[in-house]
Amino acid sequence: MNYIDSSLKVVGTRPIRPDGVDKVTGRAVFAADTRASGMLWGKMLRSPHAHARIVSIDTTKAEALKGVFGVVTAADFPDIPSEEAFVGEGPMNFRDLALNCMARTKVLYEGHALAAVAASTQAIADEALALIDVKYEILPHVIDVEAAMAPNAPILHDDMFTSGVDPKPTKPSNIAKVVTFRKGDVEAGFKDADVIVEGTYTTQPVHQAYIEPHACLATYSPDGQVQIHSSSQGHFMVRAYTAKLLGMNMSNIRVNPAEIGGGFGGKTLVYLEPIAVALSKKSGRTVKMQMTREDVFKASGPTSGAWMEVKIGAKKDGTIVAAKQVLKYQAGAFAGSPIGPGCMCGFAMYDLPNVDVVGYDVVSNRPKVAAYRAPGAPITSFAVESLMDELAIKLGIDALTLREKNAAKNGTKTHYGPTHQNIGFTAVLAAVKSHPHWKSPVKPGQGRGLATGFWFNIGGESTAQVHVNEDGSVTAATGSPDIGGSRASIGMMVAEVLGVPATSVRTIVADTASIGFTHVTGGSRVTFATGMAATQAAEKIVEDLKKRAAQTWDIPVEAVEWKDGKAYPAGSNAGAFEPLDLATLALKAARTGGPLIAEVSINAQGAGPGFGAHICDVTVDKETGHVTIERYTAVQDVGKAIHPSYVEGQIQGGAAQGIGWALNEEYIYNAKGQMENAGFLDYRVPVASDVPMIEAVLVEVPNPRHPFGARGVGEVPIVPPMAAIANAIRSATGLRMPDLPMSPPKVRAAFDAQA
Amino acid sequence: MAKSYVSATINGESSEFLCETQQTLLDVLRDVVGLTGSKEGCASGDCGACSVIMDGRLVCSCLVLGVEAEGTSITTIEGIATGEKLHPVQQKFLEHAALQCGFCTPGLIVATKALLDENPNPTETEARYWLAGNLCRCTGYDKVIRAVMDAAAELRGETVG
Ligand code: FES
Ligand code: FES
């Protein structure tokens, strides 16, 4: 059923979330908060070198230490073959993941794990790690993406031959693959252009920097049964990877989702769980592992840094006739940067006749990248939207008008294939145009920037259950870890369908043995796909309730209607009966067919893409190079906001992460390839005094493929900020900052160069 | 190594524990006393997830040694509510949706309580600077600051629309 044009009582309101009280009182149980009797502490030995061959690992002294109950190395894990995996977010290979969790013959980056111990205390575990004797043969390393592509670069993988080129190369390379997307005839397009602009841009890897470090608790029983408590964006993902990496049967592994302290894409793969299980098997005890903040920075995935070249050609009136892009994305130590989405998203906001995009996926001696909010899109958009600003300046056209002129609409065929349908980009631009921020004059001494962004949003496999309890209260269970309030939104959709208040529905996240398969919480899919499954489960319950009322009244089911949480006879012909509410029907459930339960598993299709546009005002301090964000407005098409507060929260949080990406965040390496700022003091994420209030403007163009019209909302808001800020700096100072982060030293240097 | 005996008042109750000399107050609270509401985000004093109030002062419990707790009075997130009744700061965080993942929330609430104990009428800028030691990666701080300002107004007895 579709409720898009119905009058809604619950959806669109702002109730307090079901897990709220636990979270404000310290009761919520995150992965590191769980303990077990006889528990040991597991710790990882990590490489101090950026690139080295492992000549030998001697663990005998560590094993002999009192209080140590197990030591594992790659020798304790099956050496699994290369095989594509589709359980996480983005491309992944099981063998790469195994080698990333535990190095076998080579360490490929500083922080790469190569052994682990389980001991009775953390101090003993640390002592044991120091007793492991590793002989390394240090190899030359390479950090930067362009250096890694150079012909004489140190090669990370002898068996990596660039895919996507013809003929197949005969020599190994750090370029894992080349991807191309073409539409029309780009060279002819440029010939036709009155004006051509070009630019080269770089971005640095940035970490998701969730405040909760990765943690888990694992128990291996002698009968082969495994229990895992962990913090992840998908407990089914944890199960699949752990089973594969350990050669186990999935049904022997039960994963309990702990509360998750932020993920942003970075918790869509495993680092600790298979190791903790192996240590538990070896020691016969429950093992707890948690990363330090330094481990999180050095050994878990940031997103790619990149080198990019963009060229755009337009007519005098602003109509773009050709657009070209070369993208080189750094993948970290294993193939799998978000180069695909990078190639697709940069130009996806525009209706362009001729496009040519080439992308490279490049490995180097850095931690393997992981998904980070709209993976790949913010990077490419920084380049494209910075250059769009230059084009507007060159043409003497207002930045918004240029975008309006070229905006993608329903029916626009993208350069990567699909045709846009039911999109709200023009509505977003119209909302910018009429917004007081855009209409207000720029304050003296300030500059204003505008940039837009796109993300596909995804659907996929989800399972939801709805239970009407014996007293008529309702429990909804899903397989989606809740990273930002999805229990609230899912419970609200169920409440709306059942016609009860939001507070009557309790939503929980069920473990892998208690609910059907559900894909990771990522790609902005939960409210869309899991919400759809939950809505359908609630509809099944309503059908069931109507049947039972019909049975009670002895009338045909067609003569029963469900309204405001009660069954009514439909019209006077149906007979005169007192309405039956949920509690009454629940009480009679045993006599009318048994428990009232519905489960729905779907593979949801039709996630509507999302578009955003951000307006940003800045001042730039000439003396220090410091950029202050004075005012920030983020406009986004959200389809339908189920719980508007959490939708706004996603937009505000994404924008703040983008502000950090734009102004401060980067990985700093020394000459040995070691990260020098692996802590929150030197890797500086925005704090409360760095940002202003962030106004989130919700534009609602319903997605017809979702029962309430919802679109994913979590990814889009991190796409526009970097260019919006760069464009604001350009407007304030005349300086074009093509390299991220636009940190004080860089801005200062740009001023010096300008003088 | 021999453990040290420590006695302190935690959330109004007298409490005794044994701890190793190198153990931080955060580790003691979480692993010895069993109060896991205070979180470890960095263990280096940079994220504020471990914030507690010690003798009226806001501290990062990861930077305090367990043995230093001797004779002190400590308030953790578990001691902010009064029985069933949430503290206004907690209630306002809920009403304003000032949390997403909720991992930073215990530290932010403790830090906000300490702010309002000291300065019941902070400006937005004062609130932002006071809370600059508490990282939140989810919210962008907008709703957090609104919750703080609203809680301050309520504690001052002003009714806000
Ligand atoms: S854990 Fe203490 S400040 Fe981060
Ligand atoms: S709510 Fe997630 S870190 Fe603040």
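The values are calculated or read from the model by the stated rules, or taken from the named source; none is laboratory data. Treat the numbers as computed from the prediction; the structure is a model and nothing was measured. No Cβ is skipped: glycine too gets one built from the backbone with ideal geometry, and neighbour counts run over all protein chains shown.
How many of the residues making up the stretch A:233-282 are aromatic (Phe, Trp, Tyr) and either within 16 Å of ligand 2 (Cβ to nearest atom) or not in a helix (DSSP H, G or I) (or both)?
The initial filter retains those residues of the stretch A:233-282 that are aromatic (Phe, Trp, Tyr), namely A:236, A:241, A:264, A:271.
After this cut, where a residue has to be either within 16 Å of ligand 2 (Cβ to nearest atom) or not in a helix (DSSP H, G or I) (or both) as well, the list is A:264, A:271.
Counting residues in the stretch A:233-282 that are aromatic (Phe, Trp, Tyr) and either within 16 Å of ligand 2 (Cβ to nearest atom) or not in a helix (DSSP H, G or I) (or both) gives 2.
On the basis of being under 27 Å from the mean Cα position of the chain (by Cα) and not in a helix (DSSP H, G or I), does residue A:318 make the cut?
Working: under 27 Å from the mean Cα position of the chain (by Cα): no; not in a helix (DSSP H, G or I): yes.
Against the criterion (under 27 Å from the mean Cα position of the chain (by Cα) and not in a helix (DSSP H, G or I)), residue A:318 does not qualify.
Conditions: (1) more than 19 Å from residue B:31 (Cβ to Cβ); (2) of a type outside the set (D, E, K, R); (3) more than 16 Å from ligand 2 (Cβ to nearest atom); (4) in contact (Cβ under 8 Å) with a residue 12 or more places away in the chain. Residue B:109 meets all but one. Number of the miss?
So residue B:109 meets the others, but not (3).
Among (1) without any contact (Cβ under 8 Å) to a residue 40 or more places away in the chain; (2) exposed (fewer than 14 other Cβ atoms within 10 Å of the Cβ); (3) of a type in the set (Ser, Thr, Tyr); (4) touching a strand residue (DSSP E or B) at 6+ places or on another chain (Cβ under 6 Å), where does residue A:170 come up short?
(4)
So residue A:422 ticks every box in (1) in a loop (DSSP other than H, G, I, E, B); (2) buried (at least 20 other Cβ atoms within 10 Å of the Cβ); (3) in contact with a Pro (Cβ under 9 Å, 6 or more places away or on another chain) but one. Which box is left unticked?
(2)
Here's the yes/no breakdown for (1) in contact with a Phe, Trp or Tyr (Cβ under 8 Å, 6 or more places away or on another chain); (2) part of a strand (DSSP E or B):
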site	(1), (2)
A:127	no, no
A:151	no, no
A:167	no, no
A:172	yes, no
A:196	yes, yes
A:200	yes, yes
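So residue A:750 ticks every box in (1) aliphatic (A, V, I, L, M); (2) in a helix (DSSP H, G or I); (3) within 27 Å of residue A:438 (Cα to Cα); (4) out of contact with any Asp or Glu (no Cβ under 9 Å at 6 or more places or on another chain) but one. Which box is left unticked?
In the conditions (1) aliphatic (A, V, I, L, M); (2) in a helix (DSSP H, G or I); (3) within 27 Å of residue A:438 (Cα to Cα); (4) out of contact with any Asp or Glu (no Cβ under 9 Å at 6 or more places or on another chain), residue A:750 misses (3) alone.
Tally the residues that are crowded, with 18+ Cβ neighbours inside 10 Å and polar (S, T, N, Q), restricting the search to the stretch A:141-167.
So the count comes out to 1.
In the stretch B:139-161, which residues are crowded, with 18+ Cβ neighbours inside 10 Å and either on the phi > 0 side of the Ramachandran plot or within 16 Å of ligand 1 (Cβ to nearest atom) (or both)?
Correct list: B:140, B:141.
Is there any pair with a first residue in the stretch A:427-442 that is closer than 12 Å to residue A:615 by Cα and in the same structural domain as residue A:636 (by TED's automatic domain parsing) and a second that is among the hydroxyl-bearing types (Ser, Thr, Tyr) and surrounded by 16 or more Cβ atoms within 10 Å (Cβ to Cβ) whose Cβ atoms are under 6 Å apart and which are 6 or more apart or on different chains, and what are they?
A:437/A:633
Which residue pairs have Cβ atoms closer than 6 Å, lie 6 or more positions apart in sequence or on different chains, and pair a first residue in the stretch A:294-307 that is more than 15 Å from residue B:43 (Cβ to Cβ) with a second residue that is in a helix (DSSP H, G or I) and among the hydroxyl-bearing types (Ser, Thr, Tyr)?
Listed by first residue and then by second, the contacts come to nothing, as the list is empty.
Every residue, every condition in (1) more than 14 Å from ligand 2 (Cβ to nearest atom); (2) farther than 19 Å from residue A:714 by Cβ; (3) of a type in the set (A, V, I, L, M, F, W, C), yes or no:
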{"position": "B:98", "(1), (2), (3)": "no, no, yes"}
{"position": "B:102", "(1), (2), (3)": "no, no, no"}
{"position": "B:114", "(1), (2), (3)": "yes, yes, yes"}
{"position": "B:126", "(1), (2), (3)": "yes, yes, no"}
{"position": "B:129", "(1), (2), (3)": "yes, yes, no"}
{"position": "B:133", "(1), (2), (3)": "no, yes, no"}
{"position": "B:153", "(1), (2), (3)": "yes, yes, yes"}
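Any residue at all in the stretch A:397-417 that's in contact with a strand residue (DSSP E or B) (Cβ under 7 Å, 6 or more places away or on another chain), of a type in the set (D, E, K, R) and closer than 18 Å to residue A:726 by Cα?
Yes - at least one qualifying residue is present in the stretch A:397-417.
On the basis of being among the basic types (Lys, Arg) and either more than 12 Å from ligand 2 (Cβ to nearest atom) or within 14 Å of the chain's Cα centre (by Cα) (or both), does residue B:146 make the cut?
On the way: among the basic types (Lys, Arg): yes; either more than 12 Å from ligand 2 (Cβ to nearest atom) or within 14 Å of the chain's Cα centre (by Cα) (or both): yes.
Yes, satisfied.
How do the pairs read when you match residues in the stretch B:18-46 that are within 7 Å of chain A (Cβ to nearest Cβ) and at positive phi with residues anywhere that are of a type in the set (S, T, N, Q) and more than 10 Å from ligand 1 (Cβ to nearest atom), using Cβ under 9 Å and keeping only pairs 6 or more apart or on different chains?
Within 9 Å, the pairs are B:43/A:292.
Rundown of residues vs (1) more than 16 Å from residue A:54 (Cα to Cα); (2) surrounded by fewer than 22 Cβ atoms within 10 Å (Cβ to Cβ), yes/no style:
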residue: A:86; (1), (2): yes, yes
residue: A:95; (1), (2): yes, yes
residue: A:101; (1), (2): no, no
residue: A:105; (1), (2): no, yes
residue: A:108; (1), (2): no, no
residue: A:115; (1), (2): no, no
residue: A:124; (1), (2): yes, yes
residue: A:128; (1), (2): yes, no
residue: A:134; (1), (2): no, yes
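Test residue A:701 against the stated conditions and say whether it is assigned by TED's automatic domain parsing to the domain that holds residue A:452, within 16 Å of ligand 1 (Cβ to nearest atom) and more than 17 Å from residue A:451 (Cα to Cα). Give the steps one after another, and end with the answer.
On the way: assigned by TED's automatic domain parsing to the domain that holds residue A:452: yes; within 16 Å of ligand 1 (Cβ to nearest atom): no; more than 17 Å from residue A:451 (Cα to Cα): yes.
No, not satisfied.
Would you confirm whether or not the stretch A:28-45 contains a residue that is without any contact (Cβ under 8 Å) to a residue 40 or more places away in the chain and under 21 Å from residue B:50 (Cα atoms)? Spell out the reasoning first.
Of the stretch A:28-45, the ones without any contact (Cβ under 8 Å) to a residue 40 or more places away in the chain are none.
The answer is no, given that none of the residues of the stretch A:28-45 is without any contact (Cβ under 8 Å) to a residue 40 or more places away in the chain and under 21 Å from residue B:50 (Cα atoms).
Out of A:539, A:561, A:543, which single residue is part of a strand (DSSP E or B) and out of contact with any Leu (no Cβ under 7 Å at 6 or more places or on another chain)? Give the steps one after another, and end with the answer.
Working: A:539 fails: part of a strand (DSSP E or B); A:543 fails: part of a strand (DSSP E or B).
Checking each option against the conditions leaves just A:561.
So is residue B:35 within 15 Å of residue B:106 (Cα to Cα), in a loop (DSSP other than H, G, I, E, B), within 16 Å of ligand 1 (Cβ to nearest atom) and of a type in the set (A, V, I, L, M) or not?
On the way: within 15 Å of residue B:106 (Cα to Cα): yes; in a loop (DSSP other than H, G, I, E, B): yes; within 16 Å of ligand 1 (Cβ to nearest atom): yes; of a type in the set (A, V, I, L, M): yes.
Yes, satisfied.
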